[in-house]
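The values are calculated or read from the model by the stated rules, or taken from the named source; none is laboratory data. Since we're looking at a predicted model, the values are computed, not measured. Ideal geometry is used to build each Cβ from the backbone, glycine not excepted, and the neighbour counts take in all protein chains shown.
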């Protein structure tokens with residue numbers, strides 16, 4: 001057992017003040033008292049346990065199905081473990097556009113907690129929903145989110161993870177996209193000694209769109225891994241991967257991103273960029289960008305860079321009176337901007353930016 | 001205002017002396033121009049004064065209103081009232097021009113113990129000044145200098161100068177890359193800032209900029225030293241005869 005201290009500071013949790021539906025989990029267990037009343041939401045939303053005990057056919061059919069499908073060609077053992085042993089989670093079915101974001105809040109109170117969470121989300125034809133996640137969740141968290149986005153549906157996901165520095169997390173998103181559907185996921189990670197975020201997406205309907213982005217700030221003992229596998233199995237789909245990491249004091253960032261274009265997936269538009277800003281000589285960025293293409297009429301581009309802060313830009317800012325530390329923060333935020341800009345909603349984007357600048361201010365060397 | 005005495009500067013990385021005893025005093029309210037051939041040390045002088053890394057002062061001094069510039073960080077020099085309009089303004093992707101301007105203005109105010117400018121007040125002032133430089137709303141919104149034309153970059157430098165209201169302005173080849181119209185616009189921006197309390201040091205290769213920004217004093221720099229000082233007529237002499245005559249004479 002590796003304990004993780006609960007982090008105390010007076011910083012306001014993310015998404016505070018936002019009109020949202022709150023669902024609270026404490027050390028991986030749903031806390032009804034701290035959450036909004038599920039019955040009054042007007043949504044089909046249940047705790048995993050309750051849903052599995054009832055005859056909710058769609059949920060039973062979906063649970064573990066996308067995860068199992070995502071085990072090939074690359075095995076994801078922690079996800080398999082999750083499906084077998086998940087203790088809690090939500091089951092959500094959306095049949096119309098939902099205005100209020102559904103906010104999953106993961107509190108961590110027990111320094112030695114383990115949590116296995118599994119969410120199942122189905123966005124029906126023409127429906128749309130925004131799911132927010134934040135909080136350290138537990139000392140060790142294993143999480144799976146299966147998302148089925150039907151034809152013409154839209155799923156937006158914004159996540160703020162980290163906070164309790166000693167916490168370890170392995171998370172997975174498995175998504176299946178129908179015709180003309182949209183999937184957008186953004187993750188901000190600050191702190192956390194070990195984080196692995198896997199995202200496995202299958203574009204199965206024509207004209208679908210999948211965007212996955214992440215911005216990570218790591219200082220010291222920090223290992224952050226983004227593993228993305230996007231399969232194009234339909235015509236005229238678009239996918240984007242935008243991952244940015246700022247690393248210092250020996251922090252490590254990993255990116256493994258793949259675009260697989262299946263035979264017949266013509267007119268695919270795939271884009272992938274992974275970049276790190278290394279603030280010192282001790283930090284590492286390990287990148288493995290991959291393209292595997294079996295169709296002949298596609299546009300796929302990828303890039304991966306590691307670099308230091310732009311000294312010219314730093315001097316330019318300082319010559320205008322901006323102090324060194326502020327100038328550096330400004331350039332770090334500018335570096336992360338391409339990833340943060342992937343968040344469509346302006347208010348959510350502002351929440352994330354505030355978190356990032358707050359972290360930078362607290363972590364000045 | 002600006003007092004440079006016997007300034008010797010070498011490159012930090014290699015043993016190469018670039019400035020070899022520069023003496024120069026710019027009084028408040030005056031415009032001094034420095035002309036000189038390539039490699040004479042003009043740009044180095046501007047960089048050393050503004051606090052860029054990579055140079056080592058081996059001898060001499062530089063003071064702004066009695067304050068020792070060489071002891072200060074770049075940002076402190078800016079707060080003390082020194083401004084360098086860059087020959088090659090830097091592009092900063094991801095940082096909005098407006099954010100950049102406001103951060104700079106408020107950082108300097110803070111350093112001087114003044115109250116920060118409110119967002120509305122700032123917006124009002126910046127729009128006013130941008131208008132006279134023909135900088136549109138789009139240029140203010142875009143990332144700093146990214147995708148700007150040569151002329152737009154230089155106009156943006158002058159806008160920064162107008163917003164920061166420095167005591168001492170150094171213009172490093174502000175005319176390079178400008179067409180006639182842009183040069184006129186930039187010069188008008190500079191002239192609008194001429195003031196009894198403000199000094200200017202205009203570095204240029206060519207006399208044509210000095211047709212628009214009329215200098216009080218013209219210096220010729222060569223081989224790391226100021227070799228000749230005179231009135232505006234000296235710039236015309238360079239324009240007509242080139243540097244060779246003057247340099248031959250000086251040596």
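Below are the figures for this structure:
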item	result
Test set (1) modelled with pLDDT under 95; (2) more than 21 Å from residue A:112 (Cβ to Cβ) - residue A:79 fails condition number	(1)
One residue from B:197, B:189 being crowded, with 21+ Cβ neighbours inside 10 Å and under 21 Å from residue B:29 (Cα atoms)	B:189
Lone unmet requirement of (1) part of a helix (DSSP H, G or I); (2) within 11 Å of another protein chain (Cβ to nearest Cβ); (3) surrounded by fewer than 23 Cβ atoms within 10 Å (Cβ to Cβ) for residue B:78	(3)
Hits in segment B:106-123 - residues which are more than 8 Å from chain A (Cβ to nearest Cβ) and crowded, with 18+ Cβ neighbours inside 10 Å	B:106
Failed criterion for residue B:42 (all others in (1) at pLDDT 95 or above; (2) over 18 Å from residue B:77 (Cα atoms); (3) under 17 Å from the mean Cα position of the chain (by Cα) hold)	(1)
Residue among B:64, B:49, B:69 that is buried (at least 16 other Cβ atoms within 10 Å of the Cβ), within 11 Å of another protein chain (Cβ to nearest Cβ) and either under 27 Å from residue B:143 (Cβ atoms) or under 17 Å from the mean Cα position of the chain (by Cα) (or both)	B:49
Residue selected from segment B:52-61 under the condition assigned to a loop (DSSP other than H, G, I, E, B) and farther than 21 Å from residue B:164 by Cβ, by the criterion farthest from the other protein chains (Cβ to nearest Cβ)	B:54
Members of segment A:54-82 that are within 22 Å of residue A:26 (Cα to Cα) and under 19 Å from the mean Cα position of the chain (by Cα)	A:78, A:79, A:82
Of the criteria (1) farther than 24 Å from residue A:46 by Cβ; (2) buried (at least 23 other Cβ atoms within 10 Å of the Cβ); (3) over 15 Å from the mean Cα position of the chain (by Cα), which one residue A:161 fails	(3)
Within segment B:84-101, tally of residues that are more than 8 Å from every other protein chain (Cβ to nearest Cβ) and in a strand (DSSP E or B)	2
Hey, residue A:339 surrounded by fewer than 19 Cβ atoms within 10 Å (Cβ to Cβ), more than 7 Å from chain B (Cβ to nearest Cβ) and in a helix (DSSP H, G or I) or not	no
Top-ranked residue of segment B:154-211 - restricted to ones that are under 24 Å from residue B:63 (Cα atoms) and out of contact with any strand residue (DSSP E or B) (no Cβ under 8 Å at 6 or more places or on another chain), ranked as nearest to the other protein chains (Cβ to nearest Cβ)	B:163
Members of segment A:14-38 found to be farther than 20 Å from residue A:86 by Cβ, under 23 Å from the mean Cα position of the chain (by Cα) and surrounded by 13 or more Cβ atoms within 10 Å (Cβ to Cβ), listed by number	A:14, A:15, A:18, A:20, A:21, A:22
Count - residues of segment B:177-211 that are under 17 Å from residue B:42 (Cα atoms), at pLDDT below 95 and touching a helix residue (DSSP H, G or I) at 6+ places or on another chain (Cβ under 8 Å)	5
Given (1) more than 14 Å from chain B (Cβ to nearest Cβ); (2) over 24 Å from the mean Cα position of the chain (by Cα); (3) in contact (Cβ under 8 Å) with a residue 12 or more places away in the chain, number of the condition residue A:233 does not satisfy	(2)
Boolean, residue A:331 is more than 29 Å from residue B:72 (Cβ to Cβ) and facing another protein chain (nearest Cβ under 9 Å)	no
Tally, over segment A:282-318, of residues that are crowded, with 18+ Cβ neighbours inside 10 Å, out of contact with any helix residue (DSSP H, G or I) (no Cβ under 8 Å at 6 or more places or on another chain) and within 12 Å of chain B (Cβ to nearest Cβ)	1
Which numbered condition residue B:214 fails, given (1) at pLDDT 90 or above; (2) within 23 Å of residue B:89 (Cβ to Cβ); (3) touching a strand residue (DSSP E or B) at 6+ places or on another chain (Cβ under 8 Å)	(2)
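Residue by residue, here is whether (1) part of a loop (DSSP other than H, G, I, E, B); (2) within 21 Å of residue A:123 (Cα to Cα); (3) in contact (Cβ under 8 Å) with a residue 60 or more places away in the chain holds:
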{"residue": "A:5", "(1), (2), (3)": "yes, no, yes"}
{"residue": "A:14", "(1), (2), (3)": "yes, no, yes"}
{"residue": "A:19", "(1), (2), (3)": "yes, yes, yes"}
{"residue": "A:23", "(1), (2), (3)": "no, yes, yes"}
{"residue": "A:32", "(1), (2), (3)": "yes, no, no"}
{"residue": "A:39", "(1), (2), (3)": "no, yes, no"}
{"residue": "A:58", "(1), (2), (3)": "no, yes, yes"}
{"residue": "A:61", "(1), (2), (3)": "no, yes, no"}
